[in-house]
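Before any comments, here is the structure.
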């Protein structure tokens, strides 16, 4: 039995909706964890999507915790938005005219948002490396590079080596 293109597009829409809902829930849970962690860190330990390594930052400085959690929340939210744009793209895609101006514009917007995620991810990894040096806590990558297309650990390592030379 041959799979038709319409069935594949329908399947992709379902996958995009699942990814969008998953990242939206993740961003919402992380936002709640940020607010609760700011108010009562002992209660925040019991919440969904709170990273205990980030709660350690709160012991050193509340602004470290708020900045790091805000970065993680922002990355989840912008990733959810990319999936929402993918849903819109798949909804507008027509097999008779797949490369319309509207589809091209939506693809361009998705590409720029993914590039933005990558750049923010690089800055976030640099910030987390700085936090490790400042606090003495081993934070690791905190999972912010796990979902993205480009693993920025090597970029940050090379960037920090470049700074050491100059």
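The values are calculated or read from the model by the stated rules, or taken from the named source; none is laboratory data. On a predicted model such as this, the values are computed, not experimentally measured, just so you know. Cβ: placed from backbone, ideal geometry, glycine included. Neighbour counts: every protein chain shown.
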Based on what the data block shows, is residue 111 within 20 Å of the chain's Cα centre (by Cα) and without any contact (Cβ under 8 Å) to a residue 60 or more places away in the chain? yes
Given the condition free of Cβ contacts under 8 Å to residues at least 40 places away in the same chain and either farther than 23 Å from residue 30 by Cα or not in a helix (DSSP H, G or I) (or both), answer yes or no: does some residue in the range 68-88 qualify? yes
Selection status of residue 38, touching a helix residue (DSSP H, G or I) at 6+ places or on another chain (Cβ under 9 Å) and without any contact (Cβ under 8 Å) to a residue 40 or more places away in the chain: yes
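Listed here are the residues, each with its yes/no results for (1) at pLDDT 90 or above; (2) not in a loop (DSSP other than H, G, I, E, B).
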| residue | (1), (2) |
| --- | --- |
| 19 | yes, yes |
| 22 | yes, yes |
| 47 | no, no |
| 53 | no, yes |
| 99 | no, no |
| 110 | yes, yes |
Considering each of 106, 94 in turn, give the residue that is outside any helix (DSSP H, G or I), without any contact (Cβ under 8 Å) to a residue 60 or more places away in the chain and under 30 Å from residue 5 (Cβ atoms). 94
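Table: residues versus (1) out of contact with any strand residue (DSSP E or B) (no Cβ under 7 Å at 6 or more places or on another chain); (2) over 20 Å from residue 14 (Cα atoms); (3) modelled with pLDDT under 55; (4) surrounded by 11 or more Cβ atoms within 10 Å (Cβ to Cβ).
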| position | (1), (2), (3), (4) |
| --- | --- |
| 93 | yes, no, no, yes |
| 96 | yes, yes, no, no |
| 115 | yes, yes, no, yes |
| 121 | yes, yes, no, yes |
| 127 | yes, yes, no, yes |
| 149 | yes, yes, yes, no |
| 154 | yes, yes, yes, no |
| 165 | yes, yes, yes, no |
Considering the range 24-45 alone, what residues qualify as being part of a loop (DSSP other than H, G, I, E, B) and surrounded by 14 or more Cβ atoms within 10 Å (Cβ to Cβ)? none
For the range 46-86, enumerate the residues that are within 13 Å of residue 137 (Cα to Cα), touching a helix residue (DSSP H, G or I) at 6+ places or on another chain (Cβ under 6 Å) and surrounded by fewer than 20 Cβ atoms within 10 Å (Cβ to Cβ). 55, 58, 60
